[in-house]
Structure formats: structure tokens, C-alpha cells
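The block underneath contains the structure these notes are about, expressed in C-alpha cells.
We did not get these values from a lab; they are worked out from the coordinates using the rules stated. No experiment lies behind these values; they were computed from the predicted model shown. Here the Cβ positions follow ideal geometry from the backbone for every residue, glycine too, while neighbour counts run over all protein chains shown.
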Amino acid sequence: MCGIIGYSGSFSAQKILLDGLEQLEYRGYDSAGIALLDEDGKLYLQKKAGMVSVLREACEAAPVEARCGIGHTRWATHGGVSDVNAHPHSCGQITLIHNGIIENYHEITAAFGFADRLRSETDTEVAACLLDHLYHGDPFETLVKAADILVGSYAFCILFQDHPGKIFCIRRVSPLVAAHGETGSFVASDLTALIARSRSYFVVPEATVMVLSAGEISLFDQNGHSVAPELLTVDWDVESAQKGGYPHFMLKEIHEQPDVLENTIRPRLFGGLPDFREEGIPDELFEKCENITILACGTAMYAGMVGKAIMEQILRLPVTVHIASEFRYDTPLLDEKTLTIVISQSGETIDTLAALRLARECGSRTLAIVNVKGSTIARESDYVLYTHAGPEIAVASTKAYMVQLAVLYLLTCRLALLKETFTRQEGRCFTEELLASSSSIRQVLQDDRAVKRAVKAVKRAENAFFIGRGLDYAFSLEGALKLKEISYIHAEAYAAGELKHGTIALIEEGTPVIALATQEKIFAKTVSNVREVKARGAAVILIAKAGAKTDPDVYDIRIDLPVEQDMFTVFPAAAVLQLLAYYTSDAKGLNVDKPRNLAKSVTVE
Ligand code: AGP
């Protein structure tokens with residue numbers, strides 16, 4: 001997810017673009033750049049790795065007088081974090097910025113022979129070369145032709161060097177909004193960068209070509225007919241605009257999960273099967289591994305626990321999950337036959353980084369699953385698989401957890417194909433179910449009434465228990481952490497069969513017990529554990545597959561999951577547990593996005 005902005009008007013574009021990029025920085029902050037086109041068609045390009053402040057310093061050291069330009073703050077998806085990979089990208093007459101993912105950029109590069117023209121590793125530069133290749137003096141015709149060739153999501157703002165003062169835009173899936181104010185015309189990824197300029201705006205319709213100039217904004221459909229925009233009025237302040245209208249970043253990020261799950265899975269499927277070779281990860285890394293170690297902290301570590309459960313079940317390989325802060329001072333039993341998977345949203349968690357370094361010293365090859373491009377853990381691992389969750393602002397991790405699971409499932413499938421524990425057909429069915437998880441999450445998010453009823457049973461408690469068996473136990477750990485860290489209720493995850501060996505002494509009248517019973521083969525056993533706590537007065541919130549049959553006296557509240565296969569219940573269940581924690585914290589009037597004592601990235605021991 002990147003932040004883009006364009007301006008054409010009567011004021012200095014440089015300052016307006018830099019101010020706008022600072023408002024959009026929450027959308028991505030690993031590099032930034034601006035391009036200015038003066039009245040004589042002279043182009044000025046400035047782009048830097050790092051925050052917008054780094055770019056501002058470079059621009060203010062060499063100010064440019066121009067009243068038209070585009071700006072971009074990047075969340076890297078294709079290509080590392082560097083000046084050359086930062087946007088804008090230029091090719092011939094074209095300079096552009098982009099938010100989205102061009103899925104067929106390799107095919108375009110090969111089909112048009114662009115390889116020698118490329119300086120960056122990005123899909124965006126390929127789009128600039130394509131537009132320059134198609135351009136013969138008519139920007140509108142060029143954009144319509146390009147739209148027929150490009151596959152994927154995009155919001156482009158484009159400068160044609162021989163059209164000074166004008167910005168051309170076109171979008172598919174990725175967002176763009178525009179406004180014309182007293183000082184000129186503006187276009188941006190979202191309202192955050194427009195609010196200070198105009199209270200009247202419009203969403204740029206897909207598949208239309210928009211032309212911004214100082215005096216007006218014009219819209220044309222694919223046939224060149226003029227299109228009237230549907231004007232809307234801004235009723236948000238800047239901060240709520242960054243939250244896209246949600247009351248908290250956490251809820252926004254919970255609702256982004258279906259899309260980011262697909263963005264993380266789809267680019268790695270070839271003929272319905274996962275393949276990581278295009279990301280520089282050779283199959284021999286997997287073929288040689290005889291055991292797997294997973295290193296992480298907190299939520300990332302709990303994603304690893306789910307990974308362990310499915311990997312051992314499908315691959316019949318030993319998988320060990322280590323808390324990174326423990327592992328780093330251990331004398332680990334790793335060697336060159338061990339594949340070490342390091343999971344981290346930020347890629348900067350100091351304990352996880354130290355554990356990674358120790359694993360490498362032991363001769364294990366390391367594969368990182370990281371959300372932040374170019375982060376330290378990504379750079380120090382032998383291999384890296386990036387998740388495409390976009391910036392995760394809320395301290396409590398939600399969408400990052402979901403996409404970490406997705407990558408672990410894809411890795412499991414790849415290994416299963418290579419070790420022939422999956423046929424190709426079984427592999428395709430597995431990835432289809434994995435992709436279908438985005439819709440089961442969507443269904444949970446669309447109807448959260450049962451979750452809100454459960455909040456009433458939880459919010460006044462001092463203690464709560466999450467119980468489950470097998471895979472249910474693995475993801476109950478994350479559910480307990482979510483509730484703890486944002487509602488301050490002491491929550492503990494427990495293997496359901498273990499309760500009676502001591503902990504059940506803590507169950508008293510009204511103690512909330514969130515029981516996860518999604519695994520068919522041990523469903524009856526879990527239900528019998530639920531009866532044990534119910535008999536002692538627990539307030540039971542049962543989370544089960546929609547079709548699972550239970551007596552109504554087993555639970556107080558039931559939350560149904562719209563999913564069939566046991567292996568994939570974790571995705572909608574995780575969304576339920578995230579919402580339970582979120583609504584409980586909100587009901588208690590707590591700071592959901594910034595819980596006490598916590599930081600988003602723990603870069604100290
Ligand atoms: C997640 O809700 C927590 N805020 C925390 O446990 C986090 O998962 C942990 O600190 C690891 O962070 P990382 O993924 O950036 O390494």
C-alpha cells in the first residue's frame with residue numbers, strides 16, 4: 001500500500017507535494033520521491049530511501065519552482081528499499097507513480113524487450129516503459145491501450161513531458177480521489193492529503209482517464225466521452241481519514257485482511273501451485289531440509305505454532321518453535337539439515353534478530369517471513385518471503401498474523417509437493433481452500449453480532465481462558481494474547497485436555513472460557529472438556545464450524561465459522577478472536593491502537 005499525490009495549480013508544487021506525502025506516510029514509509037514538470041517541460045526528479053523527512057531535506061537543499069508535479073511514499077512490494085526503486089519512475093517521455101501490483105510485469109518485460117531499459121527491480125518501472133513504448137503524442141490513447149495490457153491493480157499519476165501543467169491518471173482496484181480547490185487541482189490515494197485543500201472531492205471512477213490541470217479536472221471514459229464526477233463532501237478530520245473512516249487502525253487492519261491475504265497468496269501461485277523461485281528461493285533449500293525450526297516473538301511466534309501444527313501433520317517432519325528471546329541464549333540443536341524460518345512483521349525485533357544470527361552460526365539456512373521490505377531481519381536472512389499486508393499501524397498485530405499464516409501454508413504446500421506427500425491435484429485443492437479463506441474471513445467480518453454478544457460475557461472479567469485441542473490449541477494462544485494486550489484482562493490459552501490437571505481450580509461462576517472446537521476428529525473430546533468447565537459455572541463462548549452439532553446447554557454463546565475443512569478454520573477463527581479482543585477493549589474505553597506499556601516493534605532486549 002503506497003501513498004500517492006499529484007498537484008497542478010498556481011502555487012509551488014514542491015511544498016504541497018511534500019506536505020501531502022507527510023499526511024500519507026502511514027500508507028508506506030520505506031522510500032519517497034517527487035517529480036516536478038515546469039512550464040517549459042523541464043523535469044526535476046528527487047527520490048530517496050527513508051522517510052519523507054529525508055526527501056524533504058534533499059528537496060529543500062535544491063528548491064525547484066514548478067507548479068505541477070507528483071509525489072509518492074512507498075511500501076515496497078516488488079524490489080528492495082533503495083533510491084533507485086523509489087518512485088517516481090521515468091522512461092522516455094513518461095514519469096509516473098503507482099500504487100498497486102502489476103502481476104504480469106515479467107511477461108510485459110519479455111514481450112516488449114524492456115530488460116535493457118530497466119534500472120530498478122520494480123513492476124512500476126516496467127509500466128513506465130510500456131507507456132513510453134505506446135506513446136505517439138496522444139496521452140489518452142496511450143492509457144487506453146496500456147489498460148488493455150496491464151494485469152493487476154494500479155492507480156497511476158503520470159506526467160507526459162510534452163504536456164506541461166497536466167497530470168494524467170487511471171486506476172483499477174487501487175484507490176484514487178481528486179479535488180479542485182482555489183489553489184488548483186489535487187489527486188491522492190486517499191482523503192488524508194486532500195482534506196486541508198478542499199472539502200469537496202470525488203472518487204476517481206475505475207477505467208476512466210482523468211486529466212488534471214491548474215484550472216480544471218476532466219474525466220473521460222474509454223471511448224473518449226466526458227464523464228461527470230460524483231462530488232462528495234469531506235466530513236472527516238485528518239486522523240480519521242488515515243483510518244479510512246474506521247474508529248481505530250486496528251479495526252481497519254482487521255477488515256483489510258481478506259485483501260492482503262489475496263495479495264500475499266496470488267503472486268506466488270503458478271498454475272494453482274506455490275512456487276518461490278521467482279523470489280530467489282530455490283527448491284533445493286526445501287529438498288535438503290530434514291527438520292524445521294521456527295524463531296519469532298509474540299504474535300509472530302504464535303503464527304509459528306500454527307505453522308508447526310500443519311507442517312508436522314502434512315510433511316511428517318519434526319518442527320520446533322522457539323521463543324526467540326529464549327533461543328538466543330540457548331545451545332541450539334541446529335545444523336545444516338535444519339531449515340530455520342524466522343517470522344517478524346517489523347523485521348527489527350531484536351530478540352528475533354539475535355536468534356537468527358545464532359541459527360546461522362549453527363550452519364542452518366534461514367528463511368525470513370517479513371512484512372517490512374529491506375528490514376534488518378530480511379537483509380540478514382539467506383532468503384526472504386515478504387508478506388504484503390501493507391503498513392500495520394496498530395500495536396496489536398492482526399493482518400500481519402493472517403498473512404504470516406498464509407505464507408506458512410504456502411511453504412507447507414511447496415514442501416509437500418517436493419517431498420511428494422501432496423500430489424499436484426492435492427496441492428491445487430489446498431491452495432484453492434487457502435485462497436477461499438479470504439471469503440470466510442469476509443463473512444465473519446460482515447456479521448459480528450455473536451462476537452459482540454460474547455463481549456458482554458468477557459469485558460468485566462479479570463481472567464479468561466482460551467481452550468482447544470490440536471490446531472485449535474495452536475491458534476488459541478494468539479487469541480489469548482490479543483485479549484490480554486489490548487483489554488488488560490488476564491487471559492490464558494490451555495490445551496483443553498490439560499485443564500483438569502490443575503487449572504480448572506480457577507474456574508468459578510461467570511469465568512469466561514472461549515472454547516475452540518473446530519477440529520472434527522477431536523470435536524467430541526473438546527466438547528467434553530467444555531462440559532467440565534460449564535459444570536463449574538464458566539460462561540462458555542463456543543467457536544465451532546457452522547455445521548457442528550452440540551447440545552445448547554454446552555455453551556452460553558456460540559460463534560459459527562463459515563468454513564468446511566479443519567485445516568483452514570484458523571483464518572476465520574483468528575478474525576473472530578481479533579474482533580473479540582478489539583470490541584472488548586473498545587467497550588472498556590481503552591486505547592485500542594496504543595495499549596499501555598507496549599511498542600509496535602521491540603527493538604530493545
Ligand atoms: C502483537 O500483537 C504484539 N504486539 C507483539 O507480540 C509482536 O507480535 C511481537 O513483538 C513480534 O513483533 P514482530 O512480528 O515485528 O517481530
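Annotations for the structure displayed:
- Reducing segment 109-126 and segment 204-273 to their Cα centroids gives an inter-centroid distance of 26 Å.
- Charge tally for R117 (other residues, Cβ to Cβ under 13 Å; Lys, Arg +1; Asp, Glu -1): -2.
- Each label point was placed 7 Å from the Cα along the Cα-to-Cβ direction; for E498 and E278 their separation is 4.2 nm.
- The antiparallel fraction among DSSP beta bridges confined to segment 268-407 stands at about 10%.
- Pairwise centroid distance, computed over Cα atoms, of segment 474-522 with segment 528-558, Å: 13
- Segment 500-557, relative contact order in percent, only Cα pairs under 8 angstrom and at least six apart counted: 40
- Fully extended contour minus Cα-Cα distance, from A61 to D382, at 0.36 nm per residue: 111.7 nm
- Helices in the chain, meaning DSSP H runs of at least 4 residues, each add -39500 (n - 2.57). Divided by all residues, the mean residue ellipticity at 222 nm is -11000 deg cm²/dmol.
- The charge dipole of the chain, taken about its Cα centre with unit charges on the Cβ of Lys, Arg, Asp and Glu (plus for the first two, minus for the last two), comes to roughly 1420 debye.
- This ranking places R117, R277, R56 by how few other beta-carbon atoms lie within 10 Å of each, fewest first, which gives R277, R117, R56.
- With a cut-off of 12 Å between beta carbons, the residues surrounding R277 carry a summed charge of -3, where Lys and Arg count +1 and Asp and Glu -1.
- Total formal charge among the other residues, if their Cβ is under 15 angstrom from that of H78, Lys/Arg +1 and Asp/Glu -1: -3
- Taking other C-beta atoms within 10 angstrom as a stand-in for reagent exposure, R424, R379 fall in the order R424, R379, fewest first.
- Of the two radii for the chain, the radius of gyration is 1.00 times the Kirkwood radius, both from the alpha carbons; that is the Rg over Rh value.
- Straight-line cross-link reach from K594 at under 15 Å between alpha-carbon atoms covers these aspartates and glutamates, not counting any fewer than eight positions away in the same chain: E239, E253, E392, E485, D586.
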